[in-house]
Amino acid sequence: PTPELGPRETAFVICAGLKYNNWPTADAGVERLYHHLTPMGRVAIAPPPPKSGLQGGVTLEYFLAHAGSAALGSLIMCSGFKLADDITISPGSQARGRIATQM
């Protein structure tokens, strides 16, 4: 995805990338997802072990090795998907930009 794509088109491209996860290279779809997630989103999908009582950031290498969720598992190499409903955009805050939610 590129900045020129809208939220719905970006969601479609990410889902299509997961459907064809190993094209053009192994785990290219999961890597694309990683680059579009917030740091909190990366931790939610690939929680790292705590260090000194804190949960640190997730590197790409760690994400590729440990990412797992029901939604992710359903999309990787799936036979098809459909974006349902309209996209919902939550307002941004001082800590993050706007977030789009697509079902």
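Highest-first packing order for the peptide set 25-31, 44-50 is 25-31, 44-50, based on the mean count of other beta carbon atoms within 10 Å. The longest stretch of the chain left intact once loop-based chymotrypsin sites (Phe, Trp or Tyr not before Pro) with at most 15 other Cβ atoms within 10 Å are removed from consideration, loops following DSSP, is 21-80. Between the residues ILE14, THR25, GLY41, the greatest Cα displacement towards the positive end of the dipole of region 1-52, with unit charges on the Cβ of Lys, Arg, Asp and Glu, is found for GLY41.
Take MET77: with every protein chain present and a 1.4 Å probe, its accessible area is about 120 Å². Ligands, DNA and RNA left out, the accessible area of region 1-60 computed with a 1.4 Å probe is 65% carbon and sulfur. The separation of region 1-19 from region 50-80, counted between C-alpha centres, amounts to 19 Å. Heavy atoms of the protein chains alone define the surface here; on that basis the chain has 68 Å² accessible area per residue at 1.4 Å probe size.
Out of [x] 48, 31, 11; [y] 18, 15, 12; [z] 23, 19, 12, which label holds the value of semi-axes √(5λ) of the Cα gyration tensor in Å that was computed here? Correct label, based on the coordinates given: [z]. Using Cβ point charges alone (K and R +1, D and E -1), the dipole size of the chain about the Cα centre works out to roughly 180 debye.
The values are calculated or read from the model by the stated rules, or taken from the named source; none is laboratory data. Computed from a predicted structure; not experimentally measured. A quick note on method: Cβ atoms are made from the backbone with ideal geometry, for glycine too, and the neighbour counts reach across all protein chains shown. Areas reflect the complete protein model, heavy atoms only, side chains present, ligands, DNA and RNA absent. Shrake-Rupley method; radii C 1.70, N 1.55, O 1.52, S 1.80 Å.
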